[in-house]
1. Among the residues of region 82-100, are any of a type in the set (S, T, N, Q), in the same structural domain as His31 (by TED's automatic domain parsing), touching a residue at least 40 places away in the same chain (Cβ under 8 Å) and not in a loop (DSSP other than H, G, I, E, B)?
2. Read through the list (1) of a type in the set (A, V, I, L, M, F, W, C); (2) closer than 21 Å to Cys17 by Cβ; (3) modelled with pLDDT under 95, then give the number of the only condition that Trp150 fails.
3. Can you find, within region 101-139, the residue that is surrounded by the most Cβ atoms within 10 Å (Cβ to Cβ) among those that are in contact with a Pro (Cβ under 7 Å, 6 or more places away or on another chain) and either of a type in the set (Gly, Ala, Ser) or in a loop (DSSP other than H, G, I, E, B) (or both)?
4. Within the bounds of region 76-88, is there any residue that is surrounded by 14 or more Cβ atoms within 10 Å (Cβ to Cβ), β-branched (Val, Ile, Thr) and within 11 Å of Val3 (Cα to Cα)?
5. Would you mention how many residues in region 54-82 are touching a Cys at 6+ places or on another chain (Cβ under 7 Å) and over 15 Å from Val113 (Cα atoms)?
6. When you scan region 88-96, do you find a residue that is modelled with pLDDT under 90 and small (Gly, Ala, Ser), even just one?
Amino acid sequence: MIVGILKEIKTEENRVCMTPAGVEVMIHNGHTVLVEKNAGAGSGFADEAYVNAGAKTIGTPREIFDTADMVMHVKEPLPPEYDLIREGQIVFTYLHLAADETQTRALIKSKSVSIAYETIQKADGSLPLLTPMSEVAGRMAIQQGAKYLWVSTPPRWPAVWGPRSSCWT
């Protein structure tokens, strides 16, 4: 199978759906892996690392969509990609279809085989691809909340701590 690793185009999404180590596993199992140029840059993986793992780098998403049997993202396809998806092509990514009627209709129209990471289920009922994302989101929620509290309100110095130090002025 020819697997295409696409660069994320969603705003502020810097992850990549497969690391160079994952490429090595795919190659070892007889697959061809195409990686869009700079797909891993936001996650700290240079194109050279993917090439060293056995992948071929490709310049444009269109070339990957035109060639790959399966295309992979981290996040859902976006409108500029809808017309690139071919009939029978496997689209493997987080889809969140319940929240996006436009995307759902585009995938139906494409006649692709769309598999959402969040629906992959083991025999015991666990969700191996969703669980790690939920754990990360849970941990990040605290950090994000603290960041926005700090930005939106000036720091308060509780009276029980005594007078403010000069670092707060």
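1. Narrowing region 82-100 to residues of a type in the set (S, T, N, Q): 89, 93.
From what is left, the residues that are in the same structural domain as His31 (by TED's automatic domain parsing) are 89, 93.
Next, from what is left, pick out any that are touching a residue at least 40 places away in the same chain (Cβ under 8 Å): 93.
Those left that are additionally not in a loop (DSSP other than H, G, I, E, B): 93.
Checked region 82-100: at least one residue is of a type in the set (S, T, N, Q), in the same structural domain as His31 (by TED's automatic domain parsing), touching a residue at least 40 places away in the same chain (Cβ under 8 Å) and not in a loop (DSSP other than H, G, I, E, B).
2. (2)
3. Residues of region 101-139 that are in contact with a Pro (Cβ under 7 Å, 6 or more places away or on another chain), as a first pass: 103, 120, 122.
Those left that are additionally either of a type in the set (Gly, Ala, Ser) or in a loop (DSSP other than H, G, I, E, B) (or both): 120, 122.
Working: Ile120: 13, Lys122: 9.
Here the answer is Ile120.
4. Step one: of region 76-88, the residues surrounded by 14 or more Cβ atoms within 10 Å (Cβ to Cβ) are 76-78, 81-82, 84-86.
Now narrow it down to the ones that are β-branched (Val, Ile, Thr): 85.
Now restrict to residues that are within 11 Å of Val3 (Cα to Cα): none.
Within region 76-88, none of the residues are surrounded by 14 or more Cβ atoms within 10 Å (Cβ to Cβ), β-branched (Val, Ile, Thr) and within 11 Å of Val3 (Cα to Cα).
5. Of the residues in region 54-82, the ones touching a Cys at 6+ places or on another chain (Cβ under 7 Å) are 72-74.
Cutting the leftovers down to over 15 Å from Val113 (Cα atoms) gives us 74.
So the answer is 1.
6. So the first thing to find is which residues in region 88-96 are modelled with pLDDT under 90, and the list is 96.
Still in the list and also small (Gly, Ala, Ser): none.
No, there is no match, as no residue in region 88-96 is modelled with pLDDT under 90 and small (Gly, Ala, Ser).
The values are calculated or read from the model by the stated rules, or taken from the named source; none is laboratory data. All figures in this text were calculated on a predicted structure; none of them were measured in a lab. As a convention, Cβ positions derive from the backbone with ideal geometry for all residues, glycine included, and neighbour counts pool all protein chains shown.
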